[in-house]
1. Assuming R0 = 41 Å, can you tell me the calculated FRET efficiency for the pair S33 and V149, based on Cβ-Cβ distance, to the nearest 0.05?
2. Can you send over the solvent-accessible area of H189, 1.4 Å probe, protein chains only, in Å² to the nearest 10?
3. Per the 1.4 Å probe, what fraction of the accessible area of the chain, in percent, lies on carbon and sulfur atoms?
4. Under a 5 Å amide H to amide H cut-off, with H placed in plane at 1.01 Å, what residues pair with A230 once short-range neighbours are removed?
5. Let me know the volume per residue of the alpha-carbon convex hull for the chain, in Å³.
6. Indicate, rounded to the nearest 5 percent, the antiparallel portion of the DSSP beta bridges found entirely in the chain.
7. What order do E143, E253 take when sorted by accessible area (1.4 Å probe), most exposed first?
8. So how much accessible area does L154 have, in Å² to the nearest 10, using a 1.4 Å probe?
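The values are calculated or read from the model by the stated rules, or taken from the named source; none is laboratory data. Not measured: the values here are computed from a predicted model. Using ideal geometry, Cβ is built from the backbone for each residue, glycine included, and neighbour counts are taken over all protein chains shown. Accessible surface is based on the protein model in full, side chains and every heavy atom, while ligands, DNA and RNA are left aside. Shrake-Rupley method; radii C 1.70, N 1.55, O 1.52, S 1.80 Å.
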Amino acid sequence: MATGADIPPRVGEGLAIQQASHLLGVPAPTLRSWERRYGLPTAGRSAGGHRRYSEEALHQLRLMRDEVARGRRAADAAREVRALLDQQGPVRTRVEQLLAASRRMDPPGVRAALDGAHEELGLAVTLDEVLMPAMRQVGAWWETGRCDVAEEHLTTEAARSWLARMTALAPAPTARRPILLACGPRDLHTLGLEALALLLVDRSRACRVLGARTPARTLLAAATATDAAAVVVVSHLTTHRRPAVEALAAVAETGVPVFYAGNSFLFPRARAGVPGTHLGEGLAAAADMLLART
Ligand code: B12
């Protein structure tokens, strides 16, 4: 039989469970258990009754694996993945439009997808349900080698330029003390922060985005210089959490209210002892909370 180990598996015909397990780095018993308990994925069967994993099934399993790797319990991870997969209608269409533009390395296409989503669905849904899930998908493609880093960079920059354009068009802020938004001292992931800023300025709230890798002393100086009403710190990688927490603590000591968000703080144990208020996962809900409390 021509099944040498050096011949890459042809997914088109559906992979056997051991091949899928090897490809994804997930043990076969775990794959069986996810299918049995959560119906993820519904693998097809060969004529002999053996599981066969299609491209779509592998995609579902990667999403599941990544959610579990982020630290979610399998049942919660399955719920998240199911919600993403079950998304229908205009939101799904816009996500697909954005991802298709990403695949073509077409920044104007990415911005056009966001324009269309904004027009059809409004700003909050565009950011929380179109842009963020699409970016997560691009990240998963990059991680699994399904796209080059150039595709991720072009998509990110297209999204950031769209956010910048929308921010520039926002109404003049009402004269109030600004909210300062910063990444932790070692964090480069600014997109969530910039999207939150857009939601705030769209509602006439003054804010200042200090951006990537903001040192604690810079944050402190800016909070004083601008007489900030609140400070938000975002951190994405757990390895960068500690300096982010130190920055939060430095500001909190001055009495300015501090808020934080990002994957570094996704789970309750990562929030233990962190000064300030967790903004949660959703951008629109975070904007609501900040507007209500400052
Ligand atoms: C774009 C991107 C980059 C860009 C960022 C550019 C920019 N200006 O933002 C660049 C190229 C710089 C980058 C660099 C790196 N990245 Co990167 N990146 C991404 C990518 C594709 C999108 C990030 C994004 O904006 N996501 C959208 C966010 C907002 O979604 P989310 O993470 O699911 O966030 C949820 C919550 O945490 C929360 N949240 C997050 N942010 C905020 C903000 C606010 C205000 C609120 C309220 C909530 C909130 O809400 C979300 C919804 O639930 C992700 C893929 C992904 N899964 O996200 C990888 C990803 C985050 N990056 C990753 C990695 C590994 C890196 C690098 C270490 C790569 C490297 N080897 O150099 C560096 C680290 C840089 C650093 N020092 O911080 C990993 C992190 C894995 C992990 N958890 O450990 C990811 C997940 C990719 C992957 N699948 O492996 N990256």
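1. Efficiency for this residue pair is about 0.75.
2. 90
3. 54
4. The list, which skips near neighbours in sequence, is L180.
5. Residue-normalised Cα hull volume stands at 142 Å³.
6. Counting only bridges with both partners in the chain, antiparallel ones make up about 15 percent.
7. Output order, biggest surface exposure first: E253, E143.
8. 70
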